[in-house]
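Just below is one structure, and these are the notes that go with it.
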Ligand SMILES: C[S@@+](CC[C@H](N)C(=O)[O-])C[C@H]1O[C@@H](n2cnc3c(N)ncnc32)[C@H](O)[C@@H]1O
């Protein structure tokens, strides 16, 4: 597979590796977003969580909308022209490059995910503007060195980068390991780079979230929610931009947005000094 500029994309037959018998986070999330790339096991898992936490749909959509507002902020107000998006998810338009390149056509975006179904859809992520660039890396977030090495083919790590960790770090159960990964990524980017991070909340609708997480665990989807204070620690050493760490729908909301609901997703955006 290659994009319009002829760059090579992954070629291994990912479709052969897709196990539809068990739920996968990317496909459950796609179901909550109203997408079509999910299977009965994913829909069953998704529905089970909806029964326990009905606001999970608004949480997923609110997270996706936060991610787009944050990318627009980085491109339009912070002058960021390069993005590394870890835990990309099944393409849902507008994807990161569409948002960034609407502001700055020359923006370059590298997507990373480890789910074969996302790999199958990678072509949809490789539709860059002619003057920008996109790439897709099939890799695990636990291996930031491999990700950084592959991303360097498309991104210039001497220039600021927007690191996007939207709804991904809660797949890393070990908190020390989660911080090691974020620290390694931040160490690779120069001052003036930004970290965008959203994370399943442990301290919003805490009882429901605990039951929902336990239900997903029985279906082999392992998530580790964290409190606002724990999520804020990911931004240690960085300059959080206003309004700081908040629930996803309350981060620089579009005019007229409904902010009354409680959504169990914390988020923040911060600059590396
Ligand atoms: C909830 S989706 C988030 C999608 C997108 N970032 C967003 O916020 O809209 C989480 C994504 O992380 C991916 N993922 C889960 N574990 C991963 C890992 N160990 N390494 C890389 N990606 C992973 C899943 O395949 C899924 O596509």
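Read the figures in this text as sums done on the coordinates, not as results from a lab. This one's a predicted model, so the numbers in the text were calculated from it and none came from an experiment. Cβ coordinates were reconstructed from backbone atoms using ideal geometry, including for glycine residues, and neighbour counts include every protein chain displayed.
Just rank 262, 230, fewest to most, by other beta-carbon atoms within 10 angstrom. Let's see the in-between values first.
Details: 262 12, 230 19.
Neighbour counts put them in this order, fewest first: 262, 230.
In what order do 36, 202, 153, 272 fall by count of nearby beta-carbon atoms within 10 Å, going from fewest to most?
Working: 36 7, 202 21, 153 12, 272 18.
With the fewest neighbours first, 36, 202, 153, 272 line up as 36, 153, 272, 202.
Work out the FRET efficiency for residue 102 and residue 261 from their Cβ-Cβ distance, taking R0 = 25 Å, and round it to the nearest 0.05. Before the final figure, lay out each step's value.
On the way: r = 28 Å, r/R0 = 1.11.
For R0 = 25 Å, the calculated efficiency reads 0.35.
Could you work out which residue, out of 115, 30, 156, moves most in a Gaussian network model of the chain, that is, has the largest mean-square fluctuation with Cα springs under 10 Å?
Taking springs between Cα atoms under 10 Å, the residue moving most is 156.
Output the Cα-based Rg and Dmax of the chain in Å, rounding Rg to one decimal and Dmax to a whole number.
Both quantities, over Cα of the chain: 17.5, 50 Å.
Say each of residue 124 and residue 18 gets a label point 7 Å from the Cα, pointing the same way as Cα to Cβ; how far apart are those two points in nm?
Result for the modelled spin labels: 1.0 nm.
Using a 10 angstrom cutoff on alpha carbons, build the Gaussian network for the chain and name the most mobile of 132, 162, 237.
237
So for region 22-90, averaging the separation of alpha carbon pairs under 8 Å that are six or more residues apart and normalising by length, what relative contact order in percent results?
Values: 47 pairs, mean separation 21.4, N = 69.
Relative contact order here is 31 percent.
With label points built 7 Å along Cα→Cβ from the Cα atoms of residue 143 and residue 217, find their separation and express it in nm.
Result for the modelled spin labels: 2.8 nm.
Which percent, to the nearest 5, of DSSP beta bridges fully inside region 151-273 are antiparallel?
Working: 11 of 17 bridges.
Taking every DSSP beta bridge within region 151-273, about 65 percent pair in antiparallel fashion.
Place a point 7 Å from Cα of residue 175 in the direction of its Cβ. Which residues in region 247-273 have their backbone N less than 18 Å from it?
Only 265-268 fall inside the zone, counting backbone N under 18 Å.
Of 28, 248, 172, which is the most mobile in a GNM of the chain whose springs link Cα atoms less than 10 angstrom apart?
172
Calculate the translational D of region 182-273 in whole µm² s⁻¹ from Stokes-Einstein, where the hydrodynamic radius comes from the Kirkwood formula applied to all Cα pairs, the temperature is 37 °C and the viscosity 0.692 mPa s.
On the way: Rh = 14.5 Å.
Estimated diffusion coefficient is 227 µm²/s.
What is the order of 204, 56, fewest Cβ neighbours within 10 Å to most?
Numbers: 204 19, 56 24.
Fewest to most other Cβ atoms nearby, the residues stand as 204, 56.
Given the C-alpha centroids of region 37-97 and region 151-225, what is the distance between them in whole angstrom?
Between the Cα centres of region 37-97 and region 151-225 lies a distance of 13 Å.
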